[in-house]
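First up is the structure itself, then whatever we jot down about it.
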Amino acid sequence: QLWTRVRQANLYGGQPQTALSRESLAVARLALDLASKVQHQRLLAEAWCMMAYALNANENYSESLPYYRQAIRALECVGDEDRAARVRLGFVSALSTTGQSTEAVAAAHEAGRVFRARGDSPGLAKLATNLGAVYQRLDDNERALFYHTEAAGLFMETRDERGLAQAYMNLGNTLCFLD
């Protein structure tokens, strides 16, 4: 129920802080408090995921990183590689925003390995978007163009119109930087 409340806010990393992002962070803190009291590993993993997500969406990027690390480690320990790869999407964004691009690229490649093995085109599309943003922040516009183009193709293939619109916006921005 707590995750449902947080997800209904439709938050994403990089958005400006809002009343909904602050409320989601309060819900995530409650989930972490409850999970810590019962010391249940799966509940702790979920609470760490929720904290990472809510902190990232509330512009608390640096504070989100330890929660991402704990969540990924816990999910991998229980054999949930798919979920760990999805959590890495937000982790890549938070790392890049805090200037930790080398680790962001490494985390992205680990997620990509899982998405490719599973044939997960939507996951690969989101990952390409995040990698494009990483390279954009590094002023490597040629690589950013490559990843944003890849994202657009994958979003088109999966018929994700919202993702495709964002990919085209990213492509437009990157092309402007390339003159």
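Apply 1/(1 + (r/R0)^6) to the Cβ-Cβ distance of Arg113 and Arg159, taking R0 = 25 Å, and write down the FRET efficiency to the nearest 0.05.
For Arg113 and Arg159, the calculated efficiency is 0.50.
Work out the FRET efficiency for Arg137 and Gln41 from their Cβ-Cβ distance, taking R0 = 41 Å, and round it to the nearest 0.05.
Efficiency for this residue pair is about 0.75.
Please report the spacing between the Cα centers of the stretch 152-177 and the stretch 67-112 in Å, no decimals.
Each part reduced to its Cα centre gives a spacing of 23 Å.
Mean separation of Cα pairs under 8 Å and 6+ residues apart, divided by the residue count of the stretch 1-143: what relative contact order is that in percent?
Over the stretch 1-143, the number comes to 18 percent.
How long, wide and thick is the stretch 80-179, going by the Cα atoms along their three principal axes, in whole angstroms, largest first?
Extents along the principal axes, in whole Å: 43, 32, 17.
Using alpha-carbon pairs under 8 Å, 6+ residues apart, how would you state the relative contact order of the stretch 63-175 in percent?
Computed value for the stretch 63-175: 19 percent relative contact order.
Given Cβ point charges of +1 (Lys, Arg) and -1 (Asp, Glu) and nothing else, what value in debye, to the nearest 20, does the dipole of the stretch 71-156 about its Cα centre take?
Rounded to the nearest 20 debye, it is 160 debye.
Kindly state, as a whole number, the per residue volume in cubic angstrom of the convex hull around the alpha carbon atoms of the stretch 1-66.
69 Å³
Could you give the dipole magnitude of the chain about its Cα centre, charging the beta-carbon of Lys and Arg +1 and that of Asp and Glu -1, in debye to the nearest 20?
Computed about the Cα centre, the dipole is about 580 debye.
Could you give the alpha-carbon Rg of the chain over 2.2 N^0.38 Å, rounded to two decimals?
Dividing the Cα radius of gyration by 2.2 N^0.38 Å gives 1.03.
For helix 81-97, report the angle its Cα long axis makes with the longest principal axis of the Cα atoms of the chain; keep it between 0 and 90° and round to the nearest 10°.
70 degrees
Using the charge dipole of the stretch 1-82 (Lys, Arg: +1 at Cβ; Asp, Glu: -1 at Cβ; taken about the Cα centre), state which of Ala19, Gln41, Pro66 has its Cα farthest towards the positive end.
Checking the options against the dipole of the stretch 1-82, the answer is Ala19.
For n ≥ 4 DSSP H runs only, could you compute -39500 (n - 2.57) per run for the chain, divide by its residues and tell me the 222 nm figure to the nearest 500?
-27500 deg cm²/dmol
Quick note: the coordinates plus some simple rules give every number you see, no bench work behind them. Everything quoted here is computed from the prediction, not taken from an experiment. Don't worry about glycine lacking a Cβ; one is built from the backbone with ideal geometry, like all the others, and counts go over all protein chains shown.
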